[in-house]
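K.L.:
Have a look at the structure that comes next, please.
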Amino acid sequence: MTRWFLTTLALTCHVALAQIGYAQQVVGPQAYPSAAYGGQAFGPNGFPVDPELIPAPRDRGFLYDTDSQLDLDIRETLERTWIRMEYLNWDVTNPGQVYLGAPLANFDYQGDFPPINQTNPGTNAFPVQDPVQTRSNVYGFVPDLGEVDWGHVNGLRGTIGIPLRPFTFEGSAWTLAHRDSNQHIEPLLSGGLTLIPVVSLFNNGVLSNNAMIPFDSFYDARVGINMFGADTNLVMNPLQPGNPIQVQPLVGLKYIQYKNNLSITGADIESGVSPAIGSVAENNNFGPQVGLRFSYDTKWVSFSADPKFAFGINRHIDTVSSSQLYTLTELDKRVQEENTSFVPIFDFNVNARVHMSQHFSVFVSYNFLAIGRQSTSWENVYYNSPPNPLTDPSAIGLNVTKKSVIAHGITVGGELRFR
């Protein structure tokens, strides 16, 4: 019996020593199983251990098998981001019947060409006077821009939306293609008389009948426009979630550049010069905007309307230039001004979307954009003649004129959602 007792005691001691050695090599919750389950931790010798002294599990990196909250937020935001591309087809305000010259003292402009009475041109047009003499049997008229049409201007717009918890960030940029309109006029012979285009002028600031720049060879009047813009908006969460029609306030910043230009060129054989008058107006409009978004969503279609108002400033740069108005030796002239003025902007968009799938929609929309107080190159020229045109420098000047500009039309495009 003593032998069996000694054998059992020896085996018990061997097992106990092996367990003590294993416990000394293991750290973390495996070494202190009671701590791993929220209970009291005990050391290898059975004594209590402060849980704060237990070695932390080894950090295996944020990409191992569990995601941090930041990783989940970034992934969720990217998955909910959407991108929209649109084709624009807009109409832009035309110059209208703006005469390219100063008013005459006793004659009408007669801008339409050639509906002058060709049987007796003197009853409709006016005698042409150059700085030296009145030209025999030559009658003039002042062209206008009444036939310029800036309809159906093509363009593109891109928008990105990033949904966040308190709001959705939306950023967009758009541009319209450059649009030019050219009016080319050559002399018209009728009944032994000649009809030619002229640029009528003030005579040293006074209305006149004989201060003008004739074009007896050819005349070209070209006008053009460029428009592009950008918006950044924060679209807040719906005011009353769960309603069929959602209302979301929005705040943001708007920038629009409206640039337009005028050039009058040609040749006059009688005086041997090639007169040129140029004008450029660059309007840079920017400021904060506020608005509302009204939307109605279903599984297959969605409708929305966004009225927005911007209260900003217009930093406009205006330039007028001239060369060879009367002589080949006449020095070129250039006048430029920079000014800042208040500008209101109203932007309205209404659209309908058809959801082709969970990730893609097609839509059509109507856009209306009204910009106030825009400088226009074709109305900025001060058509003036010096007292002695053959010897005095050019008196063409700058007289900034502002008007409202409207761009509106249809938009079609697609929207891609990542989730």
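The values are calculated or read from the model by the stated rules, or taken from the named source; none is laboratory data. Since we're looking at a predicted model, the values are computed, not measured. So basically every Cβ, Gly included, is an ideal-geometry build from the backbone, and we count neighbours across all protein chains shown.
K.L.:
Just checking, which of Asp268, Asp231, Asp297 is over 30 Å from Gln183 (Cβ atoms), in contact (Cβ under 8 Å) with a residue 40 or more places away in the chain, crowded, with 20+ Cβ neighbours inside 10 Å and assigned by TED's automatic domain parsing to the domain that holds Ser181?
P.N.:
None of the other options fit; the residue is Asp231.
K.L.:
Taking Ser322, is it farther than 30 Å from Gln257 by Cβ and not β-branched (Val, Ile, Thr)?
P.N.:
Taking the combined requirement at face value, the residue does not satisfy it.
K.L.:
Take the residues in the stretch 147-159 that are small (Gly, Ala, Ser) and assigned to a strand (DSSP E or B), then tell me which one is nearest to Gly96 (Cα to Cα). Show your work before the answer.
P.N.:
Of the residues in the stretch 147-159, the ones small (Gly, Ala, Ser) are 151, 155, 158.
Those left that are additionally assigned to a strand (DSSP E or B): 155, 158.
On the way: Gly155: 23, Gly158: 31 Å.
Among those residues, the one meeting the criterion is Gly155.
K.L.:
I need the full set of residues from the stretch 206-241 which are within 34 Å of the chain's Cα centre (by Cα) and of a type in the set (Gly, Ala, Ser), in order please.
P.N.:
Ala221, Gly224, Gly229, Ala230
K.L.:
Across the stretch 359-385, which residue is farthest from the chain's Cα centre (by Cα) among those that are among the small types (Gly, Ala, Ser) and in a strand (DSSP E or B)?
P.N.:
Kept after step one, since they are among the small types (Gly, Ala, Ser), are these residues of the stretch 359-385: 361, 365, 370, 372, 375, 377, 385.
With the extra rule that they be in a strand (DSSP E or B), the set shrinks to 361, 365, 370, 372, 375, 385.
On the way: Ser361: 24, Ser365: 17, Ala370: 13, Gly372: 15, Ser375: 17, Ser385: 39 Å.
The qualifying residue farthest from the chain's Cα centre (by Cα) is Ser385.
K.L.:
For Leu164, indicate whether it is surrounded by 15 or more Cβ atoms within 10 Å (Cβ to Cβ), assigned by TED's automatic domain parsing to the domain that holds Tyr139 and of a type in the set (A, V, I, L, M).
P.N.:
On the way: surrounded by 15 or more Cβ atoms within 10 Å (Cβ to Cβ): no; assigned by TED's automatic domain parsing to the domain that holds Tyr139: yes; of a type in the set (A, V, I, L, M): yes.
In short, no.
K.L.:
Continuing with the same structure: Does Gly242 satisfy the condition of being in the same structural domain as Pro197 (by TED's automatic domain parsing) and either touching a strand residue (DSSP E or B) at 6+ places or on another chain (Cβ under 6 Å) or in contact (Cβ under 8 Å) with a residue 12 or more places away in the chain (or both)? Walk me through how you get there before you give the answer.
P.N.:
Working: in the same structural domain as Pro197 (by TED's automatic domain parsing): yes; either touching a strand residue (DSSP E or B) at 6+ places or on another chain (Cβ under 6 Å) or in contact (Cβ under 8 Å) with a residue 12 or more places away in the chain (or both): no.
Considered against the rule, which asks whether it is in the same structural domain as Pro197 (by TED's automatic domain parsing) and either touching a strand residue (DSSP E or B) at 6+ places or on another chain (Cβ under 6 Å) or in contact (Cβ under 8 Å) with a residue 12 or more places away in the chain (or both), Gly242 comes out as no.
K.L.:
Separate question: When you scan the stretch 348-356, do you find a residue that is farther than 26 Å from Asn388 by Cβ, assigned by TED's automatic domain parsing to the domain that holds Lys259 and not in a strand (DSSP E or B), even just one?
P.N.:
yes
K.L.:
Give the residue that is farthest from the chain's Cα centre (by Cα), with candidates limited to residues of the stretch 392-407 that are assigned to a strand (DSSP E or B) and surrounded by fewer than 20 Cβ atoms within 10 Å (Cβ to Cβ).
P.N.:
Gly397
K.L.:
Within the stretch 300-321, can you find the residues that are in contact (Cβ under 8 Å) with a residue 40 or more places away in the chain, in a strand (DSSP E or B) and over 19 Å from Pro238 (Cβ atoms)? Working first, answer last.
P.N.:
The initial filter retains those residues of the stretch 300-321 that are in contact (Cβ under 8 Å) with a residue 40 or more places away in the chain, namely 300-308, 310, 312, 314, 316, 318-321.
Remaining after also requiring in a strand (DSSP E or B): 301-308, 310, 312, 314, 316, 318-321.
Answer for the stretch 300-321, where residues must be in contact (Cβ under 8 Å) with a residue 40 or more places away in the chain, in a strand (DSSP E or B) and over 19 Å from Pro238 (Cβ atoms): Ala310, Gly312, Asn314, His316, Asp318, Thr319, Val320, Ser321.
K.L.:
Which numbered condition trips up Pro389, out of (1) outside any strand (DSSP E or B); (2) surrounded by fewer than 20 Cβ atoms within 10 Å (Cβ to Cβ)?
P.N.:
(2)
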